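Here it is, the structure, as structure tokens.
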Amino acid sequence: MSFPSTRLRRLRASAALRGLVRETELRAGQLVLPLFVSEELSAGASGAAQSSARVPVATMPGVSRLSIDAAVAEAGEAAGLGIPAVLLFGIPAEKDEQGSGAWDAEGAVQLATQAIKSAHPELLVITDVCLCEYTTHGHCGVLEPDGTVSNDATVELLARAAVSHARAGADIVAPSDMMDGRVGAIREELDGEGLGDVPILAYSAKFASAFYGPFRDAAGSTPAFGDRRAYQMDPANGREAVREAMLDVQEGADMVMVKPALAYGDLIRAIKEAAGLPVAAYNVSGEYAMVKAAAAAGHIDERAAVLEILTSLGRAGADVIITYHAKDAAQWLAEQK
Ligand code: PBG
């Protein structure tokens, strides 16, 4: 049957009809809010003013670097809006060649994890496992003398960082470095340390993207030389992205991620179908900054644009959506009800 007897507009005629046949419903329960926790802002937090410190990130309006106390407050706000999880990034006071701050039991992520879990036990704490915020050179692993990132030496350090996060109470660890074999190594180390119940959310298909710029400002993790193309993926490659995800599944990943999100909807779908486990999409800093800039200039309606973007990620196949818009989106979804 075709036109004129078939008319798809029939089911679009009213809000009730559109609601009845809507295929994808965005839920606050699938959102994750990233938080930047700064050791410097938390250190010697004796006075109230300092302990609740927030320093706005210029390239990401509405996002701040937080002291641990401020992160606890922010996490509480997210939980109050029905957001089930936060994703923690640490900004250490000092960096070194190896990135040893990444597994410091007293590091910003470890202390913030403890503080958030004790204040809001029901809220999930996911921790980003990477070395780039902790190394003086800003690369995601340790360097060989020739300046390349050493895969196997880095994997050991990542496993150490993941264990320290899990010991601090992290509910899920999320390696974002793109070294080969790190998921298996982290799984083995966690299991060996009696942390076998902690799931791994693997940043499986993470691309060498121009959309991470604002994040690197926020986290102070811009590489001092070169770029990340020798470990993060080539944006031109889709089959390889599926292969990365399947390897992570074999190594024991519980969830896999595609990052960035907006230009990679095809891969969210392909990996969803191939992997058969929950897929996360990371709506990254540059994607957030574009929307905020266009909205501030009056060029787009922020609320409508954000809800459309996040819904499209769900339609592409994302079960979990990591986004700096999480609080606004959850608020708007609640108002729609
Ligand atoms: C750390 C990491 C990055 C992001 C998440 N984890 C930066 C990078 O790879 O350079 C980017 C997140 C964002 O842009 O919002 N490796």
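Each reported figure results from applying straightforward, stated rules to the coordinates on display, with no laboratory input. Computed from a prediction, not measured in an experiment: that's the story for all the values here. FYI the Cβ positions are ideal-geometry reconstructions off the backbone, even for glycines, and counts take in every protein chain you see.
Once phi is turned into θ = phi - 60°, what whole-Hz ³J(HN,Hα) does the Karplus curve with 6.51, -1.76 and 1.60 give for every residue of the range 327-333, x standing for Gly and Pro?
These are the phi-based 3J(HN,Hα) values: 5, 4, 4, 5, 4, 5, 5 Hz.
May I pose another question? So how do 221, 38 line up by other beta-carbon neighbours within 10 Å, fewest first?
On the way: 221 21, 38 27.
Starting with the residue having the fewest Cβ neighbours, the order is 221, 38.
Okay, next question. Would you mind calculating the relative contact order of the chain from Cα pairs under 8 angstrom and at least 6 residues apart, reporting the percent as a whole number? Mind showing how you got there, number by number?
Working: 684 pairs, mean separation 57.4, N = 337.
Relative contact order of the chain: 17 percent.
Neighbouring Cβ atoms within 10 Å as the yardstick, rank 37, 155 fewest first.
Values: 37 29, 155 22.
Least to most surrounded, the residues fall as 155, 37.
May I ask for the net charge around residue 89, where only other residues with Cβ less than 10 Å from the Cβ of residue 89 are counted and Lys, Arg are +1 while Asp, Glu are -1?
Computed value for this residue: -1.
Multiply the residue separation of residue 25 and residue 156 by 0.36 nm, subtract the distance between their alpha-carbon atoms, and state the gained length in nm to one decimal. List each step's numbers first, then the result.
Details: separation 131, 0.36 × 131 = 47.16 nm, distance 4.05 nm.
So the extension gain works out to 43.1 nm.
Select from 304, 281, 13 the residue whose mean-square fluctuation is largest in a Gaussian network model of the chain (Cα-Cα springs shorter than 10 Å).
The residue with the greatest mean-square fluctuation here is 13.
While we're here: Could you line up 127, 311, 148, 323 from fewest to most neighbouring Cβ atoms inside 10 Å?
Details: 127 29, 311 17, 148 13, 323 25.
Listing 127, 311, 148, 323 from fewest to most nearby Cβ atoms yields 148, 311, 323, 127.
Scan around residue 207 for amide H atoms under 5 Å from its own, H built in the peptide plane at 1.01 Å from N, and keep only partners 5 or more places away or cross-chain.
For residue 207, whose amide H was placed from the backbone, the distant partners under 5 Å are 233, 259.
I want the local charge near residue 164. Using Cβ-Cβ distances under 11 Å, sum +1 for each Lys or Arg and -1 for each Asp or Glu among the other residues. Provide the component values of the computation, followed by the final result.
On the way: positive: 160, 167; negative: 104, 106, 189, 193.
Around residue 164, the charge tally is -2.
Quick one: what are the phi-derived ³J(HN,Hα) couplings along the range 163-179, Karplus 6.51/-1.76/1.60 with θ = phi - 60°, whole Hz, x for glycine and proline?
5, 5, 5, 5, 5, 6, x, 4, 7, 8, 10, 10, x, 10, 7, 6, 7
Rounded to the nearest 500 deg cm²/dmol, what is the calculated helix-only ellipticity per residue at 222 nm for the chain, with -39500 (n - 2.57) per DSSP H run of length n ≥ 4?
Working: 13 runs with 137 residues, N = 337.
Value at 222 nm, helices only: -12000 deg cm²/dmol.
While we're here: If amide H atoms are built 1.01 Å from N in the plane of the peptide, which residues on other chains or at least 5 residues away come under 5 Å of the amide H of residue 143?
Distant-sequence amide H within range of residue 143: 150.
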